[in-house]
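The values are calculated or read from the model by the stated rules, or taken from the named source; none is laboratory data. Because the structure is a prediction, the values reported are computed rather than measured. Virtual Cβ from ideal backbone geometry, glycine too; neighbours counted across all protein chains shown.
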Amino acid sequence: MSETPSTTDIHDIELRSSIDRSLRHPVMFFFASGSIWLVLGILLGFIASAKKHAPEFLDCISWIDAGKVDAAHLSALVYGWGCQAAFGMIIWLMARLTRKECTASGIILVAGHLWNLIIMVGIVTILAGQGSGVTLMAFPSYIWVSLLVVYLMITLWSLVQFQVRDAGHVYVSQWYLLAGLLWFPWILGSAIFFVFASEGHPLMAAAVAAWFKSGVFLLFLLPTALASAYYLAPKVTGRPVYSYNVALFGFWALAFLGPWAGFQRLMGAPIPQFLPYAGAAAMVLILIPALAVGLNILKTIQDQKELAAQSPSLRFTTSGIVLFIIFGVLSFGLNTVPAIKMTQFSYTGYGLDILAIYGVFSLCAFGAIYFIVPRVTRREWLSSRFITWHFFLSLYAVASIVCCAIIGGIIQGQGMEDLSQPFGTMAERSSSYGWGITIAWAFLLVANFVFCLHLLLMWARLGRRSSHPTLLQNHHPESPHGPEGEIDNIGSVNA
Amino acid sequence: MTFKAFILGMLATFGLPWLFAIVLPFAEMRGLESPQLDEEGEYYDPGRAERISEGSKIYGQEGCAVCHSQVVRPTYAGWDVHRGEWAGLRASPDQPDDTRRETLPSDYFDEAVAHIGEARNGPDLSNFGRRVEFYQKGKEISAEQWVYLHLYNPRGVKNYKDDQFIPAKSTCPSKRSLFDQVPLYQAGDDALALEANEEGFAVIPNDRGRRLAGYLLSLKKDTLGQPLPKDWTFTREAPKAE
């Protein structure tokens with residue numbers, strides 16, 4: 001553990017370990033089952049991507065044919081992995097930050113099992129061709145309603161913890177956690193009501209579904225990831241957040257812009273015309289919170305580059321934050337009206353989605369998992385090599401997916417605008433980029449298979465019993481053979 | 001920041017967009033009626049076959065919208081009207097009127113959700129039914145049969161327009177789950193004209209297949225032979241290649 005015990009904070013350490021103990025089962029359950037969904041979601045993503053350029057691939061199995069498998073892929077990734085990783089992070093971070101033990105871990109654990117069951121039913125329904133038929137909300141309506149109920153069972157306790165906290169300073173991570181906790185039921189409830197429950201215009205149903213999909217990232221997964229980054233960066237480096245005011249500004253900028261985004265997917269469709277423009281403007285301006293939050297966190301860990309290289313949590317979190325800045329820049333460039341005109345119906349949107357879900361959210365979530373799991377299991381990670389593989393394969397694979405999708409999408413869009421070319425030529429032009437995406441998914445599958453295995457071993461409490469965290473690099477051993485004993489963990493107490 | 005300020009801020013930053021971008025547009029769009037074709041009050045009626053909503057749902061469930069769009073964007077948002085015959089039939093000796101037009105809100109009536117589409121890995125389908133019917137007219141394979149053959153094996157059917165096989169180009173999945181294999185004597189008129197049928201068996205579309213094909217053939221977003229109202233027109237000149 002990162003703290004050296006002294007007489008003054010011995011009570012603190014006891015409190016922290018009792019909080020960790022109270023949350024061990026739900027947190028580990030969310031992370032472990034989330035990582036299994038992650039592997040499954042990536043496998044489905046590989047199949048879905050392969051089918052886009054090689055339609056005969058696995059053609060004999062009709063329940064994973066193209067179209068259905070796309071929906072199953074994104075649903076598994078977002079609701080199986082993303083939401084569950086977020087739940088694990090939320091309940092642990094909120095308990096640590098409010099300094100309250102969790103008293104409802106049994107209920108949370110039961111709700112976690114229900115969540116998995118519902119997602120499983122939902123994915124099977126999609127693959128059986130019995131989904132809702134709404135492109136961005138593919139689960140049938142009863143699945144969404146049950147997810148909302150189970151969500152409340154999982155997160156209500158974190159709200160209660162916040163409410164009964166000891167008076168005092170509310171830390172920036174808590175704003176993000178609290179905001180995400182409140183936004184998610186609001187957007188999900190609205191989406192259920194406007195898409196499924198009430199008879200409206202079919203175009204508005206499509207618009208609300210697009211808004212919901214955008215909201216799941218910008219208003220739930222992203223705030224959770226940023227809460228974790230704001231927690232880990234100061235914690236691991238032992239320095240305060242660079243600027244409180246910039247943190248405040250970044251938070252309100254996201255809160256102000258996030259709820260408007262999503263409608264840009266319907267640019268040109270006959271809905272009230274300001275909606276797609278508002279969505280596009282919000283997505284362009286996302287660069288502002290991305291820069292504010294990103295630079296604030298990067299400034300916090302500046303001068304601690306060695307630490308960022310050694311500590312898995314900090315390395316993943318930093319990469320996630322850098323990718324958030326890149327997301328802001330790309331979103332700025334790709335959501336101007338001429339760019340949307342070109343790339344609206346191409347791979348580009350998918351590239352941005354994957355950058356958001358895997359690049360930004362998941363890397364931050366991995367950072368949090370590498371930090372939290374040793375604390376709740378009281379075991380250290382088994383292998384720094386596994387973590388290194390996971391890191392580099394993840395980073396390069398997600399970068400390849402995003403580059404291929406965005407460049408391929410632009411080429412696709414250019415082909416579409418070139419009216420002298422027949423449609424078929426344009427589809428062929430982008431297919432090599434489709435190959436690139438498929439191959440990158442295969443690498444991502446390997447990375448997360450390693451991660452999932454590592455995490456499951458930790459869940460089984462097979463981690464190292466050691467007081468030294470697993471770090472990624474050994475620096476300057478005094479002799480060529482290093483000192484006696486724990487060769488892997490020389491000279492650092494931080495993780 | 002106090003908790004009260006936080007909650008008020010949340011209500012303002014989220015509540016306002018929720019109200020102005022979701023609730024009010026939803027209410028506004030809900031009351032929308034079919035546009036009038038002329039001043040005498042004749043309404044534009046898409047005149048689509050019944051059971052559209054079920055076919056539309058199957059279209060979504062099968063994930064067609066992942067690769068096919070259903071929107072003809074106005075020229076400020078894209079040059080869809082000028083791309084092939086996505087927006088309607090162009091003037092030709094068999095077809096005196098140019099019926100291309102942009103999408104209207106009423107084009108999606110009777111569907112639960114408008115399938116705007118995610119990407120255009122395949123062509124836009126706004127006027128798919130119109131195109132297939134027009135080009136399959138008088139050929140030995142009926143429009144309906146063509147759709148079935150395409151759904152069953154997209155790379156095994158000749159393109160309706162130029163009679164060319166499209167094996168290398170099409171990446172459309174074959175939706176075999178929409179078809180059943182039955183003994184020949186049960187097949188009836190809908191049996192697919194496949195060359196590689198198993199001895200004594202035929203392939204026929206099942207209920208889902210029929211509804212999806214019915215929906216696809218109902219995709220006709222031009223003017224149904226009526227002259228184009230003035231305010232629906234757009235620049236007929238295709239933009240010059242840059």
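A few comments on the model shown:
- On the stretch given as the stretch B:67-104, residues that are crowded, with 23+ Cβ neighbours inside 10 Å, at positive phi and at the interface with another protein chain (Cβ under 8 Å from one of its Cβ atoms) total 1.
- For the stretch A:129-175, the set of residues classified as small (Gly, Ala, Ser) and assigned to a helix (DSSP H, G or I) consists of A:Ser141, A:Ser146, A:Ser158, A:Ser173, listed by residue number.
- Members of the stretch A:44-82 that are more than 12 Å from chain B (Cβ to nearest Cβ) and within 17 Å of the chain's Cα centre (by Cα): A:Gly45, A:Ala76, A:Leu77, A:Val78, A:Tyr79, A:Gly80, A:Trp81, A:Gly82
- Filtered residue count, the stretch A:323-353, keeping only those that are within 23 Å of A:Leu222 (Cα to Cα) and without any contact (Cβ under 8 Å) to a residue 12 or more places away in the chain: 1
- Those residues of the stretch A:424-475 which are touching an Asp or Glu at 6+ places or on another chain (Cβ under 6 Å) and of a type outside the set (S, T, N, Q), in sequence order: A:Gly463, A:Arg464, A:His468, A:Pro469
- Looking at A:Ala269, A:Ala233, A:Ala227, just one residue is more than 20 Å from A:Leu287 (Cβ to Cβ) and within 8 Å of chain B (Cβ to nearest Cβ), and that residue is A:Ala269.
- Exclusive hit being surrounded by 20 or more Cβ atoms within 10 Å (Cβ to Cβ) and within 8 Å of another protein chain (Cβ to nearest Cβ), set A:Val208, A:Val216: A:Val208
- Some residue of the stretch A:331-343 being among the hydrophobic types (A, V, I, L, M, F, W, C), closer than 20 Å to A:Ala225 by Cβ and more than 14 Å from chain B (Cβ to nearest Cβ): yes
- Hey, B:Arg48 at the interface with chain A (Cβ under 7 Å from one of its Cβ atoms) and at pLDDT below 90 or not: no
- Annotation: of all residues in the stretch B:50-70 being assigned to a helix (DSSP H, G or I) and not hydrophobic (A, V, I, L, M, F, W, C), the one that is nearest to A:Ile64 (Cα to Cα) is B:Gln61.
- Top-ranked residue of the stretch A:278-309 - restricted to ones that are in a helix (DSSP H, G or I), without any contact (Cβ under 8 Å) to a residue 60 or more places away in the chain and of a type outside the set (A, V, I, L, M), ranked as surrounded by the fewest Cβ atoms within 10 Å (Cβ to Cβ): A:Lys305
- Residue that is nearest to B:Lys158 (Cα to Cα) [pool: residues in the stretch B:180-198 that are small (Gly, Ala, Ser) and exposed (fewer than 12 other Cβ atoms within 10 Å of the Cβ)]: B:Ala196
- Flag if A:Thr343 is out of contact with any Gly (no Cβ under 9 Å at 6 or more places or on another chain), at pLDDT below 95 and more than 25 Å from A:Val446 (Cβ to Cβ): no
- Qualifying positions in the stretch A:161-173 - aliphatic (A, V, I, L, M) and free of Cβ contacts under 8 Å to residues at least 40 places away in the same chain: A:Ala167, A:Val170
- Residue that is surrounded by the fewest Cβ atoms within 10 Å (Cβ to Cβ), among those in the stretch A:377-424 that are of a type in the set (A, V, I, L, M, F, W, C) and touching a strand residue (DSSP E or B) at 6+ places or on another chain (Cβ under 8 Å): A:Leu382
- Boolean, A:Thr135 is more than 9 Å from chain B (Cβ to nearest Cβ) and surrounded by 20 or more Cβ atoms within 10 Å (Cβ to Cβ): no
- For the stretch A:88-100, the condition holds for at least one residue, the condition being that it is surrounded by fewer than 24 Cβ atoms within 10 Å (Cβ to Cβ), at negative phi and part of a loop (DSSP other than H, G, I, E, B).
- Just so you know, in the stretch A:393-416 the residues that are within 12 Å of chain B (Cβ to nearest Cβ) and more than 27 Å from the chain's Cα centre (by Cα) include one that is nearest to B:Arg83 (Cα to Cα), and it is A:Met416.
- No other residue among A:Leu178, A:Leu221, A:Leu182 is in a helix (DSSP H, G or I), facing chain B (nearest Cβ under 8 Å), within 23 Å of A:Leu287 (Cα to Cα) and not charged (D, E, K, R) apart from A:Leu178.
- Pairs with Cβ under 6 Å, 6+ apart, first in the stretch A:178-191 and more than 18 Å from B:Ala27 (Cβ to Cβ) and buried (at least 18 other Cβ atoms within 10 Å of the Cβ), second at pLDDT 95 or above and of a type in the set (Ser, Thr, Tyr): A:Gly180/A:Thr224
- If the condition is being at pLDDT 85 or above and more than 7 Å from every other protein chain (Cβ to nearest Cβ), then the stretch A:417-433 contributes A:Ser432, A:Tyr433.
- Subset of the stretch B:1-21 (residues that are within 12 Å of A:Ala255 (Cβ to Cβ) and surrounded by 18 or more Cβ atoms within 10 Å (Cβ to Cβ)): B:Phe6, B:Met10, B:Thr13, B:Phe14, B:Pro17
- Looking across A:Val208, A:Val241, one residue alone is touching a residue at least 40 places away in the same chain (Cβ under 8 Å) and β-branched (Val, Ile, Thr). It is A:Val241.
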